[in-house]
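The values are calculated or read from the model by the stated rules, or taken from the named source; none is laboratory data. As the structure is a prediction and not an experimental result, all values here were calculated from the model. For neighbour counting, all protein chains shown are included, and Cβ atoms are generated from backbone atoms with ideal geometry for every residue, glycine included. When the accessible area is computed, the model is the full protein with side chains, heavy atoms only, and any ligands, DNA or RNA have been set aside. Shrake-Rupley method; radii C 1.70, N 1.55, O 1.52, S 1.80 Å.
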Amino acid sequence: AETPVNTLSSLTWSADGKQVFFTSGSLYGVDAASGTLYPPLTLPYGFGPDFAAAYRPDSPNVYYLKTEQDDQTGVKGGILSQVDPSNITDTFPLQEVPSTRFFANRIRFSRDGRFLLASSNSDVSVQDMRQGTASTVLLGSQFPPQAIFSPDTELVAYVDDGAGTDVVPQIWLVK
């Protein structure tokens with residue numbers, strides 16, 4: 001599919017494999033069978049672009065972050081938002097549903113969709129989407145942690161520096 005945008009990121013498939021979504025300022029979608037590019041599915045607002053698209057496996061919705069800035073610290077992050085693209089019609093943008101505020105730049109779901117892993121430039125947290133609770137996995141990494149779940153969701157892998165004075169990127173695993 002040809003796009004009119006010059007940068008795109010966060011490619012994510014729908015669970016049924018019929019659509020591919022990506023961000024480029026807004027959230028976009030492509031019909032995989034026809035290659036049809038939909039108009040922007042979301043409208044970003046004054047703080048910055050919509051970014052970090054991720055498909056939640058147990059839901060028809062595509063999740064992404066809407067740029068938000070912490071007025072006290074100036075740190076940028078995002079508000080977890082979602083749209084339901086299962087019945088795309090001629091009405092754009094889609095109805096956005098905001099949720100949790102994260103100061104993250106990357107999100108990933110567990111295979112079953114129950115847990116959401118959010119990574120910033122230095123921190124990692126896990127949110128239980130069913131219970132609405134969150135836990136901190138890492139604070140203050142010297143490297144972007146790029147956290148991911150293991151296939152069975154028992155472990156989180158992330159990048160951080162070594163113990164002591166070693167400031168080299170290492171892969172850490174935590175239960």
Worksheet item: For segment 96-117, does any single residue satisfy the condition of being in a loop (DSSP other than H, G, I, E, B), open to solvent by 70 Å² or more (accessible area, probe 1.4 Å), at pLDDT below 90 and out of contact with any Lys or Arg (no Cβ under 9 Å at 6 or more places or on another chain)?
Response: no
Item to complete: Tell me, yes or no, whether segment 2-21 has at least one residue that is modelled with pLDDT under 90, open to solvent by less than 70 Å² (accessible area, probe 1.4 Å), farther than 20 Å from residue 108 by Cβ and assigned to a loop (DSSP other than H, G, I, E, B).
Response: yes
Item to complete: Pick out the one residue from 25, 29 that is in contact (Cβ under 8 Å) with a residue 24 or more places away in the chain, more than 26 Å from residue 123 (Cα to Cα) and in a strand (DSSP E or B).
Response: 29
Fill in: Looking only at segment 67-79, and only at residues there that are of a type in the set (Gly, Ala, Ser) and in contact (Cβ under 8 Å) with a residue 24 or more places away in the chain, the one that is surrounded by the most Cβ atoms within 10 Å (Cβ to Cβ)
78
Discussion item. Looking only at residues that are over 10 Å from residue 27 (Cα atoms) and hydrophobic (A, V, I, L, M, F, W, C) in segment 37-52, which one is modelled with the lowest pLDDT?
Written reply: 47
Practice prompt. Could you pull out the residue among 71, 58 that is at negative phi, touching a Gly at 6+ places or on another chain (Cβ under 8 Å) and assigned to a loop (DSSP other than H, G, I, E, B)?
Written response: 58
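This table checks each residue for (1) touching a His at 6+ places or on another chain (Cβ under 8 Å); (2) assigned to a strand (DSSP E or B); (3) open to solvent by 60 Å² or more (accessible area, probe 1.4 Å).
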residue: 81; (1), (2), (3): no, yes, no
residue: 88; (1), (2), (3): no, no, no
residue: 121; (1), (2), (3): no, no, yes
residue: 145; (1), (2), (3): no, no, no
residue: 151; (1), (2), (3): no, no, yes
residue: 157; (1), (2), (3): no, yes, no
residue: 165; (1), (2), (3): no, no, yes
residue: 168; (1), (2), (3): no, no, yes
residue: 172; (1), (2), (3): no, yes, yes
Practice prompt. Could you run through segment 38-55 and say how many residues are part of a strand (DSSP E or B) and surrounded by fewer than 16 Cβ atoms within 10 Å (Cβ to Cβ)?
Written response: 2
Worksheet, complete the sentence: Exactly one of 97, 62, 20, 30 is more than 14 Å from the chain's Cα centre (by Cα), under 22 Å from residue 134 (Cα atoms) and of a type in the set (A, V, I, L, M, F, W, C), and that residue is 97
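Out of all the residues in segment 93-128, which are of a type in the set (D, E, K, R) and either in contact with a Leu (Cβ under 9 Å, 6 or more places away or on another chain) or at positive phi (or both)?
Across segment 93-128, the qualifying residues are 96, 101, 106, 108, 123, 128.
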Response to the item:
All-but-one check, residue 64 against (1) surrounded by fewer than 17 Cβ atoms within 10 Å (Cβ to Cβ); (2) under 23 Å from residue 43 (Cβ atoms), failing number (1)
